[in-house]
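This report refers to the structure that appears directly beneath it.
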Amino acid sequence: MSHIIHRSLRHTPALAVGARGMHVFDSDGKAYLDASGGAAVSSLGHAHPHVLAAMQRQIAQLAYAHNGFFSSAPAEALAERLAADAPGDLDAVYLVSGGSEAVETAMKLARQYAVESGQGERGVFIARRQSYHGNTLGALALGGNAWRRQPFAPLLIDVPHVAPCYEYRGRAPGQSQDDYTAALLAELEAAIVAAGPHRVLGFCAETVVGATAGAVPPTPGYFKGVRALCDKYGLLLMIDEVMCGMGRCGSLYAIEQEGVLPDLVALGKGLGAGYQPVGAVLARRHIVARLREGSGAFQHGHTYTAHPVAAAAALAVQEVLAGERLVEAAAQRGASLMARLRAAFGAHPHVGDIRGRGLLLGIELVRERDGKQPFEPELKLHAAVKECALARGLMVYPMGGTVDGRRGDHILLAPPFIASEAD
Ligand code: PLP
């Protein structure tokens, strides 16, 4: 029996002993094709020599220096690069160790900005059902995954949740896409008004919903409408690109495709591409300027904030993405994979929907297509699909997600951008 508290306490997973390119190998020598990048993490594939070399150089030079005493060259260079490549004036960067920490950091930055702007009454975030923002308590409170939240409900801050932009489930028969989008925006506006607009700090959403709905892109104009509401009521727009960002959807930031500039962006996963645990928050210039002119400090920090080796790895990832034109590859390969999934499974009686953007693709399984009725949650069909795939040497990411407040069955495909057509 393992001494690790694994996800399952009844079953110890196979032991991974190596990984190269598109494959992970276990201790029995079995190879698994990594069609999910772990959990949409390994965007460059495994053991990329440029990233390994950068990490090795950095660890030999300076493995750690506490951020309360020192900055480091890789952290400065990474922040400079992220700032240069981010949309608009999203040029202030806070480096953390993962996605949940990034979301928590963005929440606190938003709150401190409100306090220092003389708007201390603003303390409510609005978020969406069918969203996942992380497992720490603040991020879990923002998220709308009923199953993940339920046992911890007494520990969570109060977050009003509105409907996600999830056409397959939300758009009524005969309703136009524009009318559906307008209805979603009206619901958001009503939630802002109900909470008291002067009390609302921000609205948080994933550009393309990942783990709780299975690669669901927004309708055209949805985020423009969200931005307009945030501007109307003075809310900060906080975009969670932990899963959908860093090239996965075919542009460095998925939100760039919506023509909207958010105030805060949370990053993780693909930022370090699995080589190091690293996340980041990007904030618009005026937010940090307000703190600089006010208290002069962001009241936050972790022991591993801006870790030099994590920063060196993330910087090397950025270099590979640009040097090997992998963001473009994600767009092209994603279109091709989508076409092939639709050809293979589009008419399958238990496939309700195939969707996504770039190399973030989702398949929603249903008991019957016409009524879009999910399978019984007890069947845990998504988990069974994962096991079947693993037995055949294929990694796909299963998600219980939520459908109308109960668990549904979504399968996520998020392969490395280096995938070939043959893969
Ligand atoms: N936000 C989104 C959209 C995610 O998909 C995840 C992880 O799946 C997180 C936040 C949390 O990131 P982490 O697991 O690195 O804490």
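Here, each number is a calculation from the coordinates, and none is a lab measurement. Remember, it's a predicted structure, so these values are computed and weren't measured experimentally. Counting neighbours? That spans all protein chains shown, and the Cβs are built from the backbone with ideal geometry, glycine included.
Computed extension length for D85-Q373: 99.4 nm, one decimal, from 0.36 nm per residue of separation with the Cα-Cα distance subtracted. For the stretch 1-106, which trypsin sites (Lys or Arg not before Pro) pass both filters: DSSP loop (anything but H, G, I, E, B) and at most 15 other C-beta atoms within 10 Å? Filter output for the stretch 1-106: R7, R10, K30. So which residue, out of V93, V115, V200, gets the largest mean-square fluctuation from a GNM of the chain using Cα contacts under 10 Å as springs? It is V115. Would you please give the FRET efficiency between S117 and S8, computed as 1/(1 + (r/R0)^6) with r the Cβ-Cβ distance and R0 = 56 Å, to the nearest 0.05? The pair S117/S8 has a calculated efficiency of 0.75. Please sort by residue number the GluC sites (Glu not before Pro) in the stretch 105-191 whose DSSP state is loop and whose Cβ has at most 16 other Cβ atoms within 10 Å. Here the sparse-neighbourhood loop sites are E121. Shown here: the stretch 289-351, whose C-alpha atoms stretch 59, 31, 24 Å along the first, second and third principal axes, sorted largest to smallest. Electrostatic bookkeeping for L252 treats Lys and Arg as +1 and Asp and Glu as -1; over the other residues with beta carbon under 10 Å from its beta carbon, the sum is -2. In whole Å, what is the distance between the alpha-carbon centres of the stretch 18-36 and the stretch 304-383? If we compute the Cα centre of each part, the gap is 18 Å.
Near A19, the amide H atoms lying under 5 Å from its own belong to F25; only residues 5 or more places off or on other chains count, and H is placed 1.01 Å from N.
Computed from point charges on the beta carbon alone (+1 for Lys and Arg, -1 for Asp and Glu), the dipole magnitude for the stretch 53-323 about its Cα centre is near 440 Debye. In order along the stretch 184-190, the Karplus-derived 3J(HN,Hα) couplings, from 6.51 cos²θ - 1.76 cosθ + 1.60 at θ = phi - 60°, round to 5, 5, 5, 5, 5, 4, 4 Hz, and Gly and Pro are given as x. Couplings for the stretch 140-152, taken from phi via the Karplus curve 6.51 cos²θ - 1.76 cosθ + 1.60 with θ = phi - 60°, read 5, 5, 5, x, x, 7, 4, 5, 5, 6, 3, x, 9 Hz in order; Gly and Pro are left as x.
Sequence-distant contacts, meaning Cα pairs under 8 Å at least 6 residues apart, place the relative contact order of the chain at 23 percent. Multiplying the residue separation of W147 and K380 by 0.36 nm and subtracting their alpha-carbon distance yields 82.6 nm. Think of the stretch 52-160 as a dipole: +1 on every Lys or Arg Cβ, -1 on every Asp or Glu Cβ, centred on the Cα centre; then among T136, P151, T105, P151 lies furthest on the positive end.
Near S131, the amide H atoms lying under 5 Å from its own belong to G144, N145; only residues 5 or more places off or on other chains count, and H is placed 1.01 Å from N. A simple rule links phi to the HN-Hα coupling: the Karplus curve 6.51 cos²θ - 1.76 cosθ + 1.60 with θ = phi - 60°, which for the stretch 175-183 gives 7, 6, 4, 5, 5, 4, 4, 4, 5 Hz, with x for Gly and Pro.
In the chain, excluding the sites themselves, the longest stretch lacking any of the chymotrypsin sites (Phe, Trp or Tyr not before Pro) that are in a DSSP loop with at most 12 other Cβ atoms within 10 Å is 71-423. Distance from the alpha carbon centroid of the stretch 66-140 to that of the stretch 161-207 works out to 24 angstrom.
The residue among T305, P349, I418 whose Cα reaches farthest toward the positive pole of the charge dipole of the stretch 279-423, with charges on the beta-carbon of Lys, Arg, Asp and Glu, is T305. Computed extension length for A182-R285: 34.0 nm, one decimal, from 0.36 nm per residue of separation with the Cα-Cα distance subtracted. Taking amide H as placed 1.01 Å from N in the peptide plane, K380 has no amide H partner under 5 Å among residues 5 or more places away or on another chain.
Per residue, what volume in Å³ does the Cα convex hull of the chain take up? Intermediate values should be presented prior to the final figure.
Numbers: hull volume 63.1 nm³, N = 423.
So the per-residue Cα hull volume is 149 Å³.
Pairs of Lys residues in the chain that lie 8 or more places apart, or on two chains, and have C-alpha atoms under 24 angstrom apart add up to 7.
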